1. Give LEU230, LEU194, LEU200, LEU190 a once-over and let me know the one that is assigned to a helix (DSSP H, G or I), out of contact with any Cys (no Cβ under 8 Å at 6 or more places or on another chain), open to solvent by 50 Å² or more (accessible area, probe 1.4 Å) and modelled with pLDDT of 80 or more.
2. Scan region 14-58 for residues that are outside any helix (DSSP H, G or I) and basic (Lys, Arg) and jot them down.
3. Search region 203-227 for residues being of a type in the set (Gly, Ala, Ser) and not in a loop (DSSP other than H, G, I, E, B), and hand back the single one that is least open to solvent (accessible area, probe 1.4 Å).
4. What are the residue pairs meeting all of these: first residue in region 148-164, first residue in a helix (DSSP H, G or I) and of a type in the set (Val, Ile, Thr), second residue open to solvent by 10 Å² or more (accessible area, probe 1.4 Å) and modelled with pLDDT of 75 or more, Cβ atoms under 6 Å, and 6 or more apart or on different chains?
5. Filter region 109-128 for residues that are under 25 Å from ALA199 (Cβ atoms) and surrounded by 14 or more Cβ atoms within 10 Å (Cβ to Cβ); which is modelled with the highest pLDDT?
6. Does any residue of region 211-218 turn out to be of a type in the set (Lys, Arg) and at pLDDT 80 or above?
7. Give me the pairs, please: first residue somewhere in region 175-190 and touching a residue at least 40 places away in the same chain (Cβ under 8 Å) and farther than 17 Å from ARG233 by Cα, second residue anywhere and part of a helix (DSSP H, G or I) and open to solvent by 50 Å² or more (accessible area, probe 1.4 Å), beta-carbon distance under 8 Å, and either six or more positions apart or on two chains.
Amino acid sequence: MLDLLADPNVWASLLTLTALEIVLGIDNIIFISIMASKLPPERQHSARRVGLALALITRLALLASIAWVAQLTQPLFTVAGWEVSGRDLILILGGLFLLAKGTLEIHHTVEGHEESGSAPKHATFTSVVVQIMFLDIVFSLDSVITAVGMSDHLPVMIAAVVIAMAVMLFASGPVGDFVNRHTTVKMLALSFLLLVGVALVADGLGFHIPKGYLYFAIAFSALVEALNLLARRKQSAGH
């Protein structure tokens, strides 16, 4: 362990891996924030903490079973010349879930309350946590496989995951509150989840879409929305 701490290459690997884990966790933070918003306000913070705690346990368990994670990339069966692995199936199912969930949430946000004519119904704490945990398994696969590919030292991988999850825990509250306050931002976040869902399904089918493209698209849209919010704030101040 002391040898690892004295090795500058290990520290460089830790910093790089931590940064990657945080970037790969952006979609996870958005999903957790949107799902937690389905709960009463007094329970949202608890749901985010429990969801992220389960996410940390899930990622550490995956890291502890590196051999099993490696087997997920091995073909299980072949369909019309396409070799299907366990990772492919998980990504496809997770992507379809995100597409369905994102579409339902957009419908609920835009038309749900008006059609029903009643107050919105809150989801149960357990259902929200279970959905967060399921999607985190999907989101964890790429980050864990990336960690395994970038470092040969399990303690370094575990440290990077723990630091990244601590950052996500700190950021989830402000992000969730901001999304809840602005409906247009929530719609933007849901659209981002749809993009991620499409990317997951495509990746599971063998068509890899670099996440950099997705992040650039959402960053550009977020910049436009930030300018809109700033303009509306100035307009309100003028009146």
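1. LEU230
2. Hit for region 14-58 is LYS38, nothing else.
3. GLY204
4. Once the first residue is in a helix (DSSP H, G or I) and of a type in the set (Val, Ile, Thr) and sits in region 148-164, its partners that are open to solvent by 10 Å² or more (accessible area, probe 1.4 Å) and modelled with pLDDT of 75 or more give ILE163/THR18.
5. Filtering region 109-128 for residues that are under 25 Å from ALA199 (Cβ atoms) and surrounded by 14 or more Cβ atoms within 10 Å (Cβ to Cβ), the one modelled with the highest pLDDT comes out as VAL128.
6. Taking every residue of region 211-218 in turn, none turns out to be of a type in the set (Lys, Arg) and at pLDDT 80 or above.
7. Once the first residue is touching a residue at least 40 places away in the same chain (Cβ under 8 Å) and farther than 17 Å from ARG233 by Cα and sits in region 175-190, its partners that are part of a helix (DSSP H, G or I) and open to solvent by 50 Å² or more (accessible area, probe 1.4 Å) give LYS186/ASN180; MET187/VAL110.
Conditions tested, residue by residue: (1) within 16 Å of VAL23 (Cβ to Cβ); (2) open to solvent by less than 40 Å² (accessible area, probe 1.4 Å); (3) in contact with a Cys (Cβ under 9 Å, 6 or more places away or on another chain); (4) at pLDDT 80 or above.
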{"position": "VAL84", "(1), (2), (3), (4)": "no, yes, no, yes"}
{"position": "ASP88", "(1), (2), (3), (4)": "no, yes, no, yes"}
{"position": "LEU104", "(1), (2), (3), (4)": "no, no, no, yes"}
{"position": "HIS107", "(1), (2), (3), (4)": "no, no, no, yes"}
{"position": "VAL130", "(1), (2), (3), (4)": "no, no, no, yes"}
{"position": "LEU141", "(1), (2), (3), (4)": "yes, yes, no, no"}
{"position": "ASP152", "(1), (2), (3), (4)": "no, no, no, no"}
{"position": "VAL167", "(1), (2), (3), (4)": "yes, no, no, yes"}
{"position": "THR183", "(1), (2), (3), (4)": "no, no, no, no"}
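The values are calculated or read from the model by the stated rules, or taken from the named source; none is laboratory data. Because the structure is predicted, anything quoted here is derived from the model rather than measured. Cβ coordinates were reconstructed from backbone atoms using ideal geometry, including for glycine residues, and neighbour counts include every protein chain displayed. The area values use the complete protein model at the heavy-atom level, side chains included, leaving out ligands, DNA and RNA. Shrake-Rupley method; radii C 1.70, N 1.55, O 1.52, S 1.80 Å.
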